[in-house]
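Report on one structure; see the data block that follows.
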Amino acid sequence: MAEPLHVELVTPDRTVWSGEATMVVARTTDGDIGVLPGHAPLLGLLADGVVEIRSSDGDLWVAAVHGGFLSVAHDRVSILAEYAELAHEIDLEEARRELERARAAGEDDEAALEHVRRAEARIRAVEKAS
């Protein structure tokens, strides 16, 4: 069996998740990417979305992330996000209310669209983890 990936999901103020994993899936500005042990080196720009981490013990960790970078080299995956929140930390009802507020604010300006994308990512994270 291949050596596991060493994964770190960090934000400027905390380490969100750190450990050994068999797979990582993340959304970059170029599309979704899956990382398995032995993956070629990569540097990607994260899009607002969901990161999935399958830990070595089989648990699935799901996080909503907003902006940042994904780096892969030598079976090390570093996810450096501006903001990240694990699915179990998200209040689904509050996230839905946040989405409605963001949509009501108007999807015409870029700030409102960003709030909509972030709220949608939080909801998707909870739904994927369920």
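The values are calculated or read from the model by the stated rules, or taken from the named source; none is laboratory data. Everything numeric in this text was worked out from a predicted model, so none of it was measured. Backbone-built Cβ (ideal geometry, glycine too); neighbour counts: all protein chains shown. Only protein heavy atoms, including side chains, enter the accessible area calculation; ligands, DNA and RNA are left aside. Shrake-Rupley method; radii C 1.70, N 1.55, O 1.52, S 1.80 Å.
Things to note:
- Within region 53-95, the only residue that satisfies the criterion of being touching a residue at least 60 places away in the same chain (Cβ under 8 Å), of a type in the set (Gly, Ala, Ser) and farther than 13 Å from Val7 by Cβ is Ala64.
- Cβ-Cβ under 9 Å pairs, at least 6 apart or on other chains, region 1-29 side within 12 Å of Ala84 (Cα to Cα) and without any contact (Cβ under 8 Å) to a residue 24 or more places away in the chain, far side of a type in the set (Asp, Glu) and assigned to a strand (DSSP E or B): Thr15/Glu8
- Test: residue in region 57-70 that is closer than 16 Å to Glu127 by Cα and aromatic (Phe, Trp, Tyr): yes
- Of all the criteria given as (1) open to solvent by 30 Å² or more (accessible area, probe 1.4 Å); (2) under 30 Å from Pro37 (Cβ atoms), the one not satisfied by Ile79 is (1).
- Residue that is surrounded by the most Cβ atoms within 10 Å (Cβ to Cβ), among those in region 105-124 that are out of contact with any helix residue (DSSP H, G or I) (no Cβ under 7 Å at 6 or more places or on another chain) and charged (D, E, K, R): Arg118
- Region 74-93 - residue that is under 17 Å from Glu114 (Cα atoms) and not aromatic (Phe, Trp, Tyr) and, of those, farthest from the chain's Cα centre (by Cα): Glu82
- Test result for Gly58, farther than 12 Å from Ile79 by Cβ and within 15 Å of the chain's Cα centre (by Cα): no
- Filter result for Glu98 (surrounded by 13 or more Cβ atoms within 10 Å (Cβ to Cβ), of a type in the set (D, E, K, R) and free of Cβ contacts under 8 Å to residues at least 40 places away in the same chain): yes
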